[in-house]
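Right, one structure below, let's go through it.
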Amino acid sequence: MRLGEILTEAGLITKTELNFALKDQSFSYGRLGQILVRYKFINEAELIAALAKQCGVYGIDILHEAVDKEALQVIPKDLIKKHRVMPIGFEIEDGNKKLIVAVSNPKDLGAIDEIAFVSGYGVCPVFAKREDLAVVIRHYHNIIIPANLYRFA
């Protein structure tokens, strides 16, 4: 389902607002969600929830999420940089410990499989905005990831 459809069906934007943002997007080539936030048709939390729904996963505001120090050690820095991901904690599912990893592209199964293989844990991906991921990755790992290198969201 497209982002605009998710937001209109949820009653968060009107079709008029969607059409306005789509017209802006055709000129600016910006991301629809960011355009809707810029015009204050929706807020950041609503955007994160809609993008997470679109991807079929939970969404988080990683800038305000507690990060488990043990989880930080599980994924090597080169893998964090390669896939632009952030380990944030663990959960127990069916008696197995799983690594919770914030990602901007939860559909990148290759990345999720590689993280699972290297870490030795099953992976529970959660959606986070790519710009916010870059900030948190830099803060915890001192890795600079330019925003234009992201592939999704």
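The values are calculated or read from the model by the stated rules, or taken from the named source; none is laboratory data. Values in this document were obtained by computation on a predicted structure and should not be read as measured data. Neighbour counts run over all protein chains shown; Cβ positions are idealised from the backbone, glycine included.
Among the residues that make up the range 36-46, is at least one of them outside any loop (DSSP other than H, G, I, E, B), among the aromatic types (Phe, Trp, Tyr), in contact with a helix residue (DSSP H, G or I) (Cβ under 7 Å, 6 or more places away or on another chain) and touching a residue at least 12 places away in the same chain (Cβ under 8 Å)? No - not one qualifying residue is present in the range 36-46.
From the list Glu70, Glu93, Glu65, which residue is among the acidic types (Asp, Glu) and within 30 Å of Ala21 (Cα to Cα)?
Glu65
Applying the set (1) in contact with a Lys or Arg (Cβ under 8 Å, 6 or more places away or on another chain); (2) crowded, with 19+ Cβ neighbours inside 10 Å; (3) modelled with pLDDT of 95 or more to Phe90 leaves exactly one unmet item: (2). Residue count for the range 29-58 satisfying the condition of being more than 17 Å from Ser104 (Cα to Cα) and either acidic (Asp, Glu) or modelled with pLDDT of 90 or more (or both): 9.
When each of Lys98, Lys77, Lys53 is tested for being under 15 Å from the mean Cα position of the chain (by Cα) and of a type in the set (D, E, K, R), the lone residue that passes is Lys53. Which of the residues belonging to the range 75-93 are within 13 Å of Val123 (Cβ to Cβ) and either out of contact with any strand residue (DSSP E or B) (no Cβ under 9 Å at 6 or more places or on another chain) or assigned to a strand (DSSP E or B) (or both)? Correct list: Leu79, Met86, Pro87, Ile88, Gly89, Phe90, Glu91, Glu93.
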